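The values are calculated or read from the model by the stated rules, or taken from the named source; none is laboratory data. All of these numbers come straight from a predicted model, not from anything done at the bench. All Cβ positions, even for glycine, are placed from backbone atoms using ideal geometry, and neighbour counts span all protein chains on display. The area values use the complete protein model at the heavy-atom level, side chains included, leaving out ligands, DNA and RNA. Shrake-Rupley method; radii C 1.70, N 1.55, O 1.52, S 1.80 Å.
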Amino acid sequence: MPTALEPIELPGWAWERAEVRLALRARDMGAVFRYVQQYAGASQSRIATATGMTQARVNEIINGRREVSQLDVYERIADGIHMPDDARHLLGLAASREKRIGGAAFDLAAFPEVVRVYAAQNSAAAEIRQQARTAEELDVLAVRGLGLIGLNDSLLRACLPRDQGGKGLRIRVALLDPDSGALARRAAEIGESAESLASGVRLAEARLRELAGTGDIGVWRYQMLPTWRVIRTDGTMFVGAFDAGWEGHESAMYKVMATPHGPLFRGFRRMFEAVIDGARRTV
């Protein structure tokens, strides 16, 4: 059984959880301490020792009777529970590397937006579905979208609202225009006829139109050659690439998290908005 002096170490995946990141953004240290108890098995006494507090103070914070407001206390907490740099940034603190060198370290080591890399979509499928089931916003940038959202057994179909009593999920899907020259070029890249690829886009569009009355669902047709394949669920993105010879689901997939200073999440989100702005809405 861990002693009060044993260092506190949360598993890496715990810092990636949406509820933990939300608590950090809100500077809700009571919630953070509860997650430390849950994911590291740390007692109040162990948290107190690690953060330089009394157990009574930790108990008050956990139970909402006292708030943390001083910067030096946030720093002690972050150091005591071995908070990674990405989590420190969410809390509004400098990264540990920045503290050591006395200045900002503007590189991806200090701003780790890419928190996980998957060999292909199949490896990330369970996590993508889990994120989508609790999301308020879902954005999809694809070519035809059948494997992602257009068919009954596609990756995200089971996460979509089925009736007017749905959870209010906002869904935006951008698909390659089946009448565009870019679609013919993409079809040639993957060794498929333009007619077949265009039919797939139209089928996905039709299947999404079936759900249009159940919630906030929009479909757009864009006309540029596809490069990035994006699934965004609130503050998390799963990003792959299109290239000659492989389809999007065969690409390595990067899990990218929103951070205060990171450019990747913001850049991909800005790109999606630009695609939508220049596209024609059909659903």
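Tabulated data
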{"item": "Residues of segment 251-283 classified as over 15 Å from the mean Cα position of the chain (by Cα) and closer than 28 Å to residue 210 by Cα, total", "result": "12"}
{"item": "Check on residue 277, open to solvent by 10 Å² or more (accessible area, probe 1.4 Å) and either touching a strand residue (DSSP E or B) at 6+ places or on another chain (Cβ under 7 Å) or farther than 16 Å from residue 172 by Cβ (or both)", "result": "no"}
{"item": "Test result for residue 192, in a loop (DSSP other than H, G, I, E, B) and among the acidic types (Asp, Glu)", "result": "yes"}
{"item": "Residue check, residue 221 assigned to a helix (DSSP H, G or I) and open to solvent by 10 Å² or more (accessible area, probe 1.4 Å)", "result": "no"}
{"item": "Selected residue (only one of 76, 66, 57, 17 is open to solvent by 70 Å² or more (accessible area, probe 1.4 Å), free of Cβ contacts under 8 Å to residues at least 40 places away in the same chain and under 21 Å from residue 257 (Cα atoms))", "result": "17"}
{"item": "Evaluation of residue 277 against (1) within 30 Å of residue 18 (Cβ to Cβ); (2) in contact with an Asp or Glu (Cβ under 9 Å, 6 or more places away or on another chain) (one fails), failing number", "result": "(2)"}
{"item": "Segment 234-253 residues that are among the charged types (D, E, K, R), paired with ones that are in a loop (DSSP other than H, G, I, E, B) (beta carbon under 8 Å, 6 or more apart)", "result": "234/135; 234/136; 243/251; 247/143; 247/190; 250/120"}
{"item": "Any chance residue 158 is closer than 30 Å to residue 14 by Cβ, touching a strand residue (DSSP E or B) at 6+ places or on another chain (Cβ under 7 Å) and open to solvent by 10 Å² or more (accessible area, probe 1.4 Å)", "result": "no"}
{"item": "Residues (open to solvent by less than 10 Å² (accessible area, probe 1.4 Å) and touching a Ser or Thr at 6+ places or on another chain (Cβ under 8 Å)) located in segment 234-267", "result": "240, 253, 255, 256, 257"}
{"item": "Pick from segment 111-142, criterion among the charged types (D, E, K, R) and part of a helix (DSSP H, G or I), ranking: least open to solvent (accessible area, probe 1.4 Å)", "result": "127"}
{"item": "Residues of segment 35-50 classified as open to solvent by less than 10 Å² (accessible area, probe 1.4 Å) and in contact with a Phe, Trp or Tyr (Cβ under 9 Å, 6 or more places away or on another chain), total", "result": "2"}
{"item": "Flag for residue 232 being under 14 Å from the mean Cα position of the chain (by Cα), part of a helix (DSSP H, G or I) and not hydroxyl-bearing (Ser, Thr, Tyr)", "result": "no"}
{"item": "Residue in segment 237-255 that is part of a helix (DSSP H, G or I) and in contact with a Phe, Trp or Tyr (Cβ under 8 Å, 6 or more places away or on another chain) present", "result": "yes"}
{"item": "Counted residues, segment 22-34 - those being under 15 Å from the mean Cα position of the chain (by Cα) and surrounded by 21 or more Cβ atoms within 10 Å (Cβ to Cβ)", "result": "0"}
{"item": "Those helices (runs of 4 or more DSSP H) lying entirely in segment 3-69 with at least 1 residues of a type in the set (S, T, N, Q)", "result": "29-40, 44-51, 55-62"}
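Here is a yes/no grid of residues against (1) at pLDDT 90 or above; (2) small (Gly, Ala, Ser); (3) more than 12 Å from residue 216 (Cα to Cα); (4) within 28 Å of the chain's Cα centre (by Cα):
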residue	(1), (2), (3), (4)
154	yes, yes, yes, yes
177	yes, no, yes, yes
188	yes, yes, yes, no
193	yes, yes, yes, no
